[in-house]
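Trainee: Provided herewith is a single structure, encoded as structure tokens, for subsequent inquiry.
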Amino acid sequence: MRLLLASLLVVAASRLDAQRAPVPPIAADCDYRQCAYGIIAAPHGLRVVRGEAEVRVALLGFLWTRDISGAFDAPAQEAARAAVRTRRWGALLTDTGLALLLTGAARAATRDLDETGARLMLAGAATVGLSVPLQFRADTHLSRAVFAHNARFAGVAR
């Protein structure tokens, strides 16, 4: 029942996120130093930043992420959507694994370490382990989106 409720909340949150306003388009005369995107690691995800001032444009979260494809124009949007899709699957596995680990640990704390608690913790660790390649794949998609965004500045050294 709790898993169903959590799933419904996640779906509702992603639907609300779809109504967010996209980042305004970048002016044609904008140069690399002002408008190229970069990626900065943060404790809760990867930040997409713009220009030397590193103005935050989007965040690809680790435990859940909003749709960041609106921060990219057409050539980069598909890679950004792939990053979000992949991150959400990775996050689902990560979150499920953490929940299993915590449930097993709580059970072990209250009933010593019984077989059920040990299995819950092992399943949680395995699920988190399965999420790691998906999280890295999402990072790769995000990198491709940033590369596609920055391609417009190629050959225009300033």
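Trainee: Of the numbered conditions (1) hydrophobic (A, V, I, L, M, F, W, C); (2) modelled with pLDDT of 95 or more; (3) surrounded by fewer than 16 Cβ atoms within 10 Å (Cβ to Cβ), A154 fails exactly one; give the number of that condition.
Mentor: (2)
Trainee: Against the conditions (1) assigned to a helix (DSSP H, G or I); (2) open to solvent by less than 100 Å² (accessible area, probe 1.4 Å); (3) at pLDDT 90 or above; (4) of a type outside the set (A, V, I, L, M, F, W, C), where does Q34 fall short? Just the number, please.
Mentor: Failing condition for Q34: (2).
Trainee: Could you pull out the residue among A80, A99 that is in contact with a Ser or Thr (Cβ under 8 Å, 6 or more places away or on another chain), open to solvent by less than 70 Å² (accessible area, probe 1.4 Å) and small (G, A, S)?
Mentor: Of A80, A99, the one residue that is in contact with a Ser or Thr (Cβ under 8 Å, 6 or more places away or on another chain), open to solvent by less than 70 Å² (accessible area, probe 1.4 Å) and small (G, A, S) is A80.
Trainee: Can you tell me how many residues in region 70-80 are assigned to a helix (DSSP H, G or I) and farther than 9 Å from A145 by Cα?
Mentor: The number of residues fulfilling the criteria is 3.
Trainee: Which of (1) at pLDDT 95 or above; (2) assigned to a helix (DSSP H, G or I); (3) touching a Lys or Arg at 6+ places or on another chain (Cβ under 7 Å) does G97 not meet, given it meets every other one?
Mentor: (3)
Table: residues versus (1) closer than 16 Å to L46 by Cβ; (2) surrounded by 16 or more Cβ atoms within 10 Å (Cβ to Cβ); (3) in contact with a Leu (Cβ under 7 Å, 6 or more places away or on another chain).
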residue: G104; (1), (2), (3): no, yes, yes
residue: R107; (1), (2), (3): no, yes, yes
residue: A118; (1), (2), (3): no, no, no
residue: L122; (1), (2), (3): no, no, no
residue: S131; (1), (2), (3): yes, yes, yes
residue: H141; (1), (2), (3): yes, yes, no
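Trainee: Quick one: what pairs do we get from region 133-156, first residue of a type in the set (D, E), second in a helix (DSSP H, G or I), C-beta under 8 Å, 6+ apart or different chains?
Mentor: Note: pairs meeting the criteria are D139/A83.
Trainee: Something else now. Just need a number here: residues in region 40-69 that are touching a His at 6+ places or on another chain (Cβ under 8 Å) and buried (at least 16 other Cβ atoms within 10 Å of the Cβ).
Mentor: Summing the residues that are touching a His at 6+ places or on another chain (Cβ under 8 Å) and buried (at least 16 other Cβ atoms within 10 Å of the Cβ) in region 40-69 gives 3.
Trainee: Cβ-Cβ below 9 Å, separation at least six or inter-chain, first residue in region 101-118 and β-branched (V, I, T), second surrounded by 13 or more Cβ atoms within 10 Å (Cβ to Cβ): which pairs?
Mentor: T103/G117; T103/L120; T103/M121; T103/G124; T110/G117; T116/G104; T116/R107
Trainee: Tell me the residue from A123, A138 that is assigned to a helix (DSSP H, G or I), modelled with pLDDT of 95 or more, in contact with a strand residue (DSSP E or B) (Cβ under 8 Å, 6 or more places away or on another chain) and on the phi < 0 side of the Ramachandran plot, please.
Mentor: A138
The values are calculated or read from the model by the stated rules, or taken from the named source; none is laboratory data. Because the structure is predicted, anything quoted here is derived from the model rather than measured. Virtual Cβ from ideal backbone geometry, glycine too; neighbours counted across all protein chains shown. Heavy atoms of the whole protein, side chains included, go into the accessibility calculation; ligands, DNA and RNA do not. Shrake-Rupley method; radii C 1.70, N 1.55, O 1.52, S 1.80 Å.
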